[in-house]
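Below is one structure, written out as structure tokens; the observations come after it.
The values are calculated or read from the model by the stated rules, or taken from the named source; none is laboratory data. The shown structure was predicted, so the numbers you read here are calculated from the model rather than taken from an experiment. Here the Cβ positions follow ideal geometry from the backbone for every residue, glycine too, while neighbour counts run over all protein chains shown.
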Amino acid sequence: MSLRAATLEYATRHRLRAWEALPWAAGLAVFFLFPNHLAFGTQVLIMILFALSLDLVLGYAGIVTLGHAAFFGAGAYTVGMLAAHAGWSEPLSGLAAAALVAGALGLASGWIVLRTHGLTLLMLTLCTMALLEQAANMGAAWTGGFDGMPGLEFQPLLGRFEFDVLYFRSQYLYALAVLLGGFLLVRMLVHSSFGRSLTGIRENLLRMHAIGAPVRARQVLVYAISAALAGVAGGLFTQANGFVNLAVLGLDRSAGVLIILILGGYGRLYGAFVGAIAYLVLEHTLAKAYPSAWQLGIGLALVLVALYARNGVLGLADGLRRRGGAR
Amino acid sequence: MDLASILLGGLASGMVLFVVSVGLSVTMGLMGFVNLAHGGFAMLGGYAVVLAMRHWGLPFFAALALAFLAVAALAALLERTLYARLYRAGELDQVLFTIGLAFVMIAAVTLAIGPESQTVALPEWLRGQTDLGFLSYRSYSLALIAFGAALMLALWLGFERTRIGAQIRAAVDNRRMAQSLGVDVGRLFTLTFALGSGLAAVGGALGAEILGLDPQYPLRYLVYFLIVVAVGGLGRVSGVFFASLAIGVLDFVLKFNFPQGGTMFIYALTLAFLLLRPQGLFGKRA
Amino acid sequence: MSAALLRTEGLCRSFGALEVARDIDFRLEAGARHALIGPNGAGKTTFVNLLTGLLAPSGGRVLLDGEDVTRLAQAKRVKRGIARTFQINQLFRGLTVLENVCLAVTERLGAGGAMLTPAGRRADVLAEATRLVELLHLGDDAGRRIDELPYGRQRLVEIAIALGLQPRLLLLDEPAAGIPSAESHILLEAIGALPRGIAVLIIEHDMDLVFRFAERITVMVSGAIYAEGTPAGIAANRDVRAVYLGDALDA
């Protein structure tokens with residue numbers, strides 16, 4: 001690629017392409033075409049948001065964490081506890097509270113654990129999450145303990161759109177709107193100089209120090225932002241479903257979102273979309289019928305991805321495109 | 001329950017943790033490889049013993065030996081064919097691969113045998129109580145403690161007194177230097193990996209009464225194994241030993257006093273410990 | 001006596017019983033063209049690591065423009081005007097050549113933390129990065145990923161990054177190592193084109209390059225300064241010839 005082409009690519013990478021409207025058009029289409037599957041659709045939208053938040057931290061900044069569910073759970077429980085104990089059930093402000101709490105948690109834990117790296121970091125993220133999980137278990141008076149808090153009710157969105165627990169109509173559009181907002185935020189960050197510097201941190205930490213970048217500050221910042229976003233996804237979860245329990249925390253949830261991001265492709269904005277949709281649709285159809293075969297399949301997929309297709313589905317597509325273009 | 005009983009119970013749990021985790025610590029210290037599937041080898045060991053005893057009528061210790069050999073062989077095969085490809089890969093790829101492998105192990109066992117818990121039939125003489133003079137305690141737990149201590153001694157002697165042990169210690173400390181001194185690090189690792197996984201298998205079977213045995217075993221206890229390894233210091237057998245005992249006793253005490261969520265303190269303590277001392281008890285500073 | 005740009009006082013570093021830097025008193029003036037030579041294992045790279053903050057000393061001080069920077073972190077020293085290249089390339093391997101250089105230039109401009117505007121809109125970053133890429137004849141590879149480039153070209157990217165930081169003090173650790181001789185003129189031109197105000201310290205084994213470039217040479221052996229002087233003086237120094245240069249200069 002000539003210098004001019006390279007500069008042009010660099011200068012215009014952030015521009016919105018026409019096809020980027022497709023996912024959202026598809027999202028709206030689903031609303032009209034599959035009115036009986038909006039509950040499932042809402043879960044998919046929530047997971048995409050959660051996966052996007054993980055992509056910021058893992059795909060772009062290269063921070064390997066198995067504890068991201070801690071922030072999802074923090075957001076979920078914040079909304080739940082506010083609704084159950086403080087009578088605070090307005091959705092939008094509830095989400096804001098979730099973002100704040102999860103973000104603060106991310107800032108504090110990030111500032112502490114990002115002093116380490118490698119296995120120690122992995123351990124510390126796991127421990128933080130396990131700690132929260134146990135705390136939620138112990139504090140049953142607040143969190144409902146093992147059974148969680150079922151039967152939560154929320155005020156109609158913007159005073160008009162009621163959350164209906166049967167068809168999830170309002171919830172779906174609400175989740176779609178929140179996802180759009182979250183996506184635009186992530187997109188902006190990723191294309192900014194800050195976002196570029198994150199990829200530098202991921203690719204060569206030592207070099208980033210050696211060009212004068214305040215590495216740890218950037219890491220903690222992206223960790224906090226990502227945590228806040230994960231918290232919003234968690235808050236959405238509680239609001240849309242009307243309950244929260246320990247399943248929002250824990251290794252299963254963290255591993256699940258990691259798998260989604262990996263299979264779709266990390267470090268590219270749309271990997272979260274591809275991964276979440278593919279994984280959840282497949283899980284919805286296959287896992288119920290054949291749970292162990294499903295787990296076997298996922299396990300094999302992960303092994304194969306780790307050995308051959310490090311960049312997931314989108315990465316494979318990219319690779320094919322590059323090889324095709326080289327001819 | 002008085003102090004002595006609690007201590008013994010905790011020590012027994014700790015010994016199980018030690019037997020399972022020591023292999024993980026050495027291989028992580030040796031190759032820097034994050035192996036989240038390690039618990040899977042422990043589980044396979046437990047199931048191997050159950051099957052050998054139930055379907056082939058093997059006595060307990062023969063089944064244990066068989067489990068050790070079978071899992072060690074499987075581990076060696078997996079290491080040579082799959083793990084070795086990822087030594088240069090980043091941490092994320094190692095995490096993905098080993099989680100995937102753990103999933104495969106869990107699913108395979110569920111499909112082949114079923115999701116129920118299994119019990120390991122202990123030999124007669126381990127089932128009762130032993131009179132220690134000041135206290136009568138479960139023979140099984142006492143045997144675990146004795147076995148763990150013996151293993152620690154054997155490993156210590158092995159590392160300190162044999163050439164292979166010296167090679168392993170050297171390679172843990174500085175792999176490149178060991179290689180330039182002629183140590184065949186590749187072969188060493190296959191050996192250590194097989195041995196460590198075999199030990200895990202034994203631990204899985206021996207510890208079935210304490211930790212249980214079902215397909216979810218690998219991921220349920222993963223955090224504990226990792227904690228023990230991280231706190232002990234990678235590649236330090238003595239570190240894993242003391243960390244396991246500490247965690248075992250602590251966990252026992254906490255579960256007794258705070259049955260719901262008492263383990264929270266273990267995570268909090270681990271967090272605090274690793275922050276103050278990221279290299280673990282006996283590890284070297286990065 | 002003019003104030004030196006860089007000075008070390010009694011700089012030492014040991015690893016247990018092994019002393020890798022022994023009581024080093026070193027001076028570098030602004031605009032210097034200085035070479036650091038010596039046998040392998042002499043501690044030259046260690047010295048650079050101490051200067052840049054990658055390694056903390058066991059004793060002694062590092063002074064930049066009179067300021068004691070001994071305890072200052074790497075990134076902060078970069079902001080004070082020190083840039084280095086590494087003996088073994090430290091590049092952003094999954095990113096393109098252009099992106100690598102842009103990252104350095106962006107940090108220098110203090111824009112690395114900007115979150116609201118797209119990076120692509122910073123014409124100043126692109127202009128400067130383009131200039132550097134062309135200076136090092138990397139134009140054809142600008143859009144290629146680092147891990148797709150031959151080692152020699154990667155080496156040039158390493159230089160481009162250091163130049164993009166517009167340092168007052170440039171530390172080059174064996175910059176010619178790995179660059180095929182057909183392309184080594186690119187390196188020489190780039191170094192020759194450096195503004196006179198920048199102080200440059202080169203670690204090199206290529207004596208041709210050293211004697212063409214350096215106005216002052218320091219010889220390090222076993223972690224200590226063995227000799228120091230002009231190129232002619234060092235070339236004529238019998239002890240230096242014995243310990244390091246051998247007969248290479250007679251050729």
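Here is how the numbers come out for the structure above:
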{"read-out": "Selection from the stretch C:104-131 of residues that are at the interface with chain A (Cβ under 7 Å from one of its Cβ atoms) and among the β-branched types (Val, Ile, Thr)", "value": "C:THR106, C:THR117, C:THR130"}
{"read-out": "Leading residue by the ranking (modelled with the lowest pLDDT) among those in the stretch C:1-45 that are assigned to a loop (DSSP other than H, G, I, E, B) and in contact with an Asp or Glu (Cβ under 8 Å, 6 or more places away or on another chain)", "value": "C:SER2"}
{"read-out": "Residue, farthest from C:GLY223 (Cα to Cα), within the stretch C:46-62, restricted to residues that are of a type outside the set (A, V, I, L, M) and part of a strand (DSSP E or B)", "value": "C:ARG61"}
{"read-out": "Test: A:LEU54 is touching a residue at least 12 places away in the same chain (Cβ under 8 Å), touching a Ser or Thr at 6+ places or on another chain (Cβ under 8 Å) and surrounded by fewer than 24 Cβ atoms within 10 Å (Cβ to Cβ)", "value": "no"}
{"read-out": "Residue within the stretch B:100-122 that is among the charged types (D, E, K, R) and without any contact (Cβ under 8 Å) to a residue 60 or more places away in the chain present", "value": "no"}
{"read-out": "Of all residues in the stretch A:117-152 being outside any helix (DSSP H, G or I) and surrounded by fewer than 19 Cβ atoms within 10 Å (Cβ to Cβ), the one that is farthest from the other protein chains (Cβ to nearest Cβ)", "value": "A:GLY151"}
{"read-out": "Residue in the stretch A:158-180 that is touching a helix residue (DSSP H, G or I) at 6+ places or on another chain (Cβ under 9 Å), among the charged types (D, E, K, R) and either within 20 Å of A:GLY231 (Cβ to Cβ) or within 14 Å of chain B (Cβ to nearest Cβ) (or both) present", "value": "no"}
{"read-out": "Exclusive hit being of a type in the set (A, V, I, L, M) and touching a strand residue (DSSP E or B) at 6+ places or on another chain (Cβ under 8 Å), set C:ALA75, C:ALA142", "value": "C:ALA142"}
{"read-out": "Residue match in the stretch C:139-150 (condition: hydrophobic (A, V, I, L, M, F, W, C), surrounded by 19 or more Cβ atoms within 10 Å (Cβ to Cβ) and within 10 Å of chain A (Cβ to nearest Cβ))", "value": "yes"}
{"read-out": "Number of positions in the stretch C:107-138 that are polar (S, T, N, Q) and either closer than 24 Å to C:ARG155 by Cβ or in contact (Cβ under 8 Å) with a residue 60 or more places away in the chain (or both)", "value": "1"}
{"read-out": "Single residue of the stretch A:259-285 satisfying the filter (within 17 Å of A:LEU179 (Cα to Cα), of a type outside the set (A, V, I, L, M, F, W, C) and not in a helix (DSSP H, G or I)) that is farthest from the other protein chains (Cβ to nearest Cβ)", "value": "A:TYR270"}
{"read-out": "The stretch C:70-89, subset β-branched (Val, Ile, Thr), over 22 Å from C:GLY10 (Cβ atoms) and crowded, with 18+ Cβ neighbours inside 10 Å, residue farthest from the other protein chains (Cβ to nearest Cβ)", "value": "C:THR85"}
{"read-out": "Residue within the stretch C:161-168 that is more than 12 Å from chain A (Cβ to nearest Cβ), over 28 Å from C:PRO39 (Cβ atoms), in contact with a Leu (Cβ under 8 Å, 6 or more places away or on another chain) and part of a loop (DSSP other than H, G, I, E, B) present", "value": "yes"}
